[in-house]
1. May I ask you to say which residue of GLY103, GLY91 is at positive phi and either out of contact with any Cys (no Cβ under 8 Å at 6 or more places or on another chain) or among the small types (Gly, Ala, Ser) (or both)?
2. Can we say SER185 is within 16 Å of LEU134 (Cα to Cα) and of a type in the set (S, T, N, Q)?
3. The conditions are (1) in contact with a Pro (Cβ under 9 Å, 6 or more places away or on another chain); (2) of a type in the set (D, E, K, R); (3) exposed (fewer than 13 other Cβ atoms within 10 Å of the Cβ), and GLU21 fails exactly one of them. Which is it?
4. Which of the strands (runs of 3 or more DSSP E) contained wholly in the stretch 63-137 include at least 2 residues that are closer than 20 Å to LEU210 by Cα and among the hydrophobic types (A, V, I, L, M, F, W, C)?
5. So which of GLY139, GLY149, GLY144, GLY127 ends up being farther than 30 Å from PRO181 by Cα and either surrounded by 23 or more Cβ atoms within 10 Å (Cβ to Cβ) or in contact with a Ser or Thr (Cβ under 9 Å, 6 or more places away or on another chain) (or both)?
6. So in the stretch 87-110, with the set limited to residues that are surrounded by 15 or more Cβ atoms within 10 Å (Cβ to Cβ) and more than 18 Å from VAL229 (Cβ to Cβ), which one is nearest to the chain's Cα centre (by Cα)?
7. Find the helices (runs of 4 or more DSSP H) located wholly in the stretch 139-243 whose residues include 1 or more that are without any contact (Cβ under 8 Å) to a residue 24 or more places away in the chain and in contact with a Phe, Trp or Tyr (Cβ under 9 Å, 6 or more places away or on another chain), and list them.
8. Kindly check whether there is at least one residue in the stretch 196-206 that is surrounded by 19 or more Cβ atoms within 10 Å (Cβ to Cβ), modelled with pLDDT of 95 or more and over 17 Å from the mean Cα position of the chain (by Cα).
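The values are calculated or read from the model by the stated rules, or taken from the named source; none is laboratory data. Worth saying up front: this structure is predicted, and the values here are computed from it rather than measured. Reconstructed Cβ throughout: ideal geometry from the backbone, glycine too, with neighbour counts over all protein chains shown.
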Amino acid sequence: MDILVDIGNTRIKWAIMKDSEVMPPKSLVHSQAEFEKSLASEWSSIENAPNQLAVSCVSAEQINQSVKHIAKSLWPSITIYEAESTANGPGVSNGYKNPAQLGVDRWLGLIAARQMTRQAVCVVDCGTALTIDLMNEQGVHLGGVICPGLTMMRESLCVGTSALPYDDQDYPVGLSDATLPGIYSGTFLAAAGLIEQIVSRQATRPHILLTGGDAAKLAAYLGYQSSLVSDLVLRGLGIFLKT
């Protein structure tokens, strides 16, 4: 039994992997008070000690070190592996000029996507940042784009203006007759439109794989069919651990 950990900008997600099967993931917001205590409590309830831990981290190194310290404290004999972006992976070629600069979560998402399908794919991670990566039928990463995620877009309007407030409510998406629904719809449609614009420019229509906290919300408003894969990065970590 192994444990997979994806440390994002807002939360960490983890899952147990038995043989090649990844169990349903759990998550914690790592900015919350007593995050380390909460994680240690969650992990201490795991019945059998894992043999290995694989971690992907795009957040602060302090969070990464805390997670690894908790793992070692609970399971002293555990072996810890940290994923990194490389020029080549299982069936995948990195499209960045400097492969290490590609976010490791994006790299693992591409690796997982390649194991799921041999079609051309558009991998969209709808988290704190919105990232879109394209990969062709041969597993070659064609590059990607990055923009603020839905929450960060709304927060930037609040910070950058004196009259536009921020709230975290959901509203119907469309033309709005009030400020808050207008902000919600504008940022939502901007994200959906970016995805559609990238996809529409491709000679071969890629299959869209959505992951991240806002994936389900965006899926309903895309003009193209898509698939939700909530644990895409964790799946990639599982593949990394076996190679």
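1. Among GLY103, GLY91, only GLY91 is at positive phi and either out of contact with any Cys (no Cβ under 8 Å at 6 or more places or on another chain) or among the small types (Gly, Ala, Ser) (or both).
2. Taking the combined requirement at face value, the residue does not satisfy it.
3. Tallying (1) in contact with a Pro (Cβ under 9 Å, 6 or more places away or on another chain); (2) of a type in the set (D, E, K, R); (3) exposed (fewer than 13 other Cβ atoms within 10 Å of the Cβ), GLU21 fails exactly one: (1).
4. 121-126, 129-135
5. On the way: GLY149 fails: farther than 30 Å from PRO181 by Cα; GLY144 fails: farther than 30 Å from PRO181 by Cα; GLY127 fails: farther than 30 Å from PRO181 by Cα.
Within the list GLY139, GLY149, GLY144, GLY127, the selection yields GLY139.
6. Restricting to residues being surrounded by 15 or more Cβ atoms within 10 Å (Cβ to Cβ) and more than 18 Å from VAL229 (Cβ to Cβ), the top hit is LEU102.
7. The helices (runs of 4 or more DSSP H) meeting that bar are 150-160, 179-200.
8. yes
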